[in-house]
Amino acid sequence: MKRIVVVGAGAAGLAAGYALKESLQGDKDIEFLVLEKNDKAGGQIRTVLEDGFILEGGPDCVISDKPTTFEFAKKLGIEDEMVNTRSASGGTYIIKKGQLIRMPEGVMMMIPTKFKPFIKTKLISWPGKIRAAMDVFIPRRKNLDEDEELSSFVRRRLGQEILDVLAEPLIGGIHASDPDTMSLASTFPRFLKMEKDDRSLILAMFKSKRKMAKTIKSSSRSSSSASEPGTKRWTMFVSFKNGMQTLTDALARALGRDVLKLKTEVQRIEKITIPGGKTAYKLQVKGIGDIEADAVVLTTLAFQTAALVEPFDSELAAPLSEINSVSSATVNLVYRTEDIPRELDANGFLVPRVEGRNLMASTWTSSKWPNRAPEGFVLLRAFVGGAFNQAIVDEDDATILKLIKSDLKDLMGITAEPSKTKIFRWKKSMPQYTMGYPERLAKIDERLAAHDGLFLAGASYGGVGVPDCMNNARKAALEALEYVKIGGKK
């Protein structure tokens, strides 16, 4: 019997395992295992249901324009569990000089698309607004095929103030990264394409909005007779009624205990030759011994993968080791409604680095999502760490809470003590797509070609968000299955 082993049971590993199960359909000639070193599956997706509160430790949503999560949810029978954000709490605040200022309507990923709101906003100074508007006239950069730092790109197209006030908290916050080191081609290739195709980011975004409006109008005309029963329009961000772990728990149940092995740590991998001269892999598993596999899908972070493949290919381990990851922490805080001195009329706020705060951002969870907190309470999430302040993650709970409460007091006027807190630490968990990342991926792909039956997937390889991780893992799993079935080279 041939065997495929998936290492890691985060969203990527679980998606890989489910793709294998779905494709094999009980095929007795091929078996597969999903091995996870921790006592829980799901990786950074972690939801705690406690006293009527839904406390998220990692991502609290997915982006609705990426269909992968919806595809899995439908197959798992949990599509009805998906929920939209509350319409009344739309929008986001940005901190400027210690004040919460609402981000102007029409700003899409730092690019203004509505004239009046952008002109009226107090978030950007008049010189900053004029500089941003110059994007309409600025020519394309020469050598657009060369990569560029994200900060350089934003500064060149829209100016320093847009970089400091909007781009850094909006874009850098997604990756917990430093825009001065981020690869534009690897993190936001859409911006690069905008400049190539339309020269101006503002004009490109207007063009995109017009196209989207036509699509929606055309869709609405035909929906009355042609739409499927129960068709629902989704907001930009979508979650699950009882939190994101609904998704990973459903995947884990679908795999079952015979396939998903928790507390099963792979410590080393060796490349071996089996009878017939074919390549296979020997996985050294802590407390169990060796497991042989015809194909292996590694969904671990790049630096972890580097340690596993080092015994048989140091040249593959080298570029993997160069994909750095940073640490962050997510802190849930529960307050009584009367202890919050302002209306929670948005999804939360972002804190630009120039503000000099410990907080990177705060989500007003009970306003953003339905049923996250019992009546009479509000639930907030605070984010600390990232590329600029990793050391805070190593502080004890009391220190982290003290720093966060100080910022919440200054920014929101909250003086009361929270009635409940929960801290989730994520050490070296966020891959950094820094300059040179495309070249590192190319080196990895080149070395992988020398190892039949070895496949990589997950957040380190173009999959920071949950849908992207699941999608590239599904692809890797199906490639592994095809390899095993044909019994040949990739």
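Exactly one condition in (1) surrounded by 20 or more Cβ atoms within 10 Å (Cβ to Cβ); (2) touching a residue at least 24 places away in the same chain (Cβ under 8 Å); (3) in a helix (DSSP H, G or I); (4) in contact with a Lys or Arg (Cβ under 9 Å, 6 or more places away or on another chain) is not met by Asp410; state its number.
Only one criterion in (1) surrounded by 20 or more Cβ atoms within 10 Å (Cβ to Cβ); (2) touching a residue at least 24 places away in the same chain (Cβ under 8 Å); (3) in a helix (DSSP H, G or I); (4) in contact with a Lys or Arg (Cβ under 9 Å, 6 or more places away or on another chain) is unmet by Asp410, namely (1).
For region 329-345, how many residues are surrounded by fewer than 12 Cβ atoms within 10 Å (Cβ to Cβ) and either without any contact (Cβ under 8 Å) to a residue 40 or more places away in the chain or touching a strand residue (DSSP E or B) at 6+ places or on another chain (Cβ under 7 Å) (or both)?
2
I'm trying to understand the selection: among the residues of region 322-377, which are closer than 30 Å to Ala306 by Cβ and part of a helix (DSSP H, G or I)?
Arg353
Hey, among Lys428, Lys475, Lys490, which residue is surrounded by fewer than 22 Cβ atoms within 10 Å (Cβ to Cβ), in contact with a helix residue (DSSP H, G or I) (Cβ under 8 Å, 6 or more places away or on another chain) and modelled with pLDDT of 95 or more?
Lys428
From the list Leu448, Leu454, which one is buried (at least 20 other Cβ atoms within 10 Å of the Cβ) and touching a Phe, Trp or Tyr at 6+ places or on another chain (Cβ under 8 Å)?
Going through Leu448, Leu454 in turn, the sole match is Leu454.
A quick yes/no check of all residues on (1) touching a residue at least 12 places away in the same chain (Cβ under 8 Å); (2) small (Gly, Ala, Ser); (3) within 30 Å of Leu380 (Cα to Cα); (4) crowded, with 17+ Cβ neighbours inside 10 Å:
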site: Leu20; (1), (2), (3), (4): yes, no, no, yes
site: Asp27; (1), (2), (3), (4): no, no, no, no
site: Leu33; (1), (2), (3), (4): yes, no, no, yes
site: Lys37; (1), (2), (3), (4): yes, no, no, yes
site: Asp60; (1), (2), (3), (4): yes, no, yes, yes
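Select, from Leu55, Leu49, the only residue that is touching a residue at least 12 places away in the same chain (Cβ under 8 Å), over 21 Å from the mean Cα position of the chain (by Cα) and assigned to a strand (DSSP E or B).
Leu49
Just a yes or no: is a residue in region 300-322 over 27 Å from Ala387 (Cα atoms), at pLDDT 95 or above and buried (at least 19 other Cβ atoms within 10 Å of the Cβ)?
no
So which residues in region 357-407 are crowded, with 22+ Cβ neighbours inside 10 Å and among the β-branched types (Val, Ile, Thr)?
Matches in region 357-407: Thr363, Thr365, Val384, Ile400, Ile404.
Residue under question is Ser64, and the condition is that it be small (Gly, Ala, Ser), surrounded by 15 or more Cβ atoms within 10 Å (Cβ to Cβ) and farther than 30 Å from Glu265 by Cβ; does it hold?
yes
Among the residues of region 10-29, write down those that are in contact with a Ser or Thr (Cβ under 8 Å, 6 or more places away or on another chain) and part of a loop (DSSP other than H, G, I, E, B).
Selection gives Gly10 alone.
Checking the condition of a type in the set (Lys, Arg), out of contact with any helix residue (DSSP H, G or I) (no Cβ under 7 Å at 6 or more places or on another chain) and within 16 Å of Gly453 (Cα to Cα), which residue from Lys286, Lys278 passes?
Selected residue: Lys278, the only one of Lys286, Lys278 that is of a type in the set (Lys, Arg), out of contact with any helix residue (DSSP H, G or I) (no Cβ under 7 Å at 6 or more places or on another chain) and within 16 Å of Gly453 (Cα to Cα).
The values are calculated or read from the model by the stated rules, or taken from the named source; none is laboratory data. If you're wondering where the values come from, they're calculated on a predicted model, not measured in any experiment. Cβ: placed from backbone, ideal geometry, glycine included. Neighbour counts: every protein chain shown.
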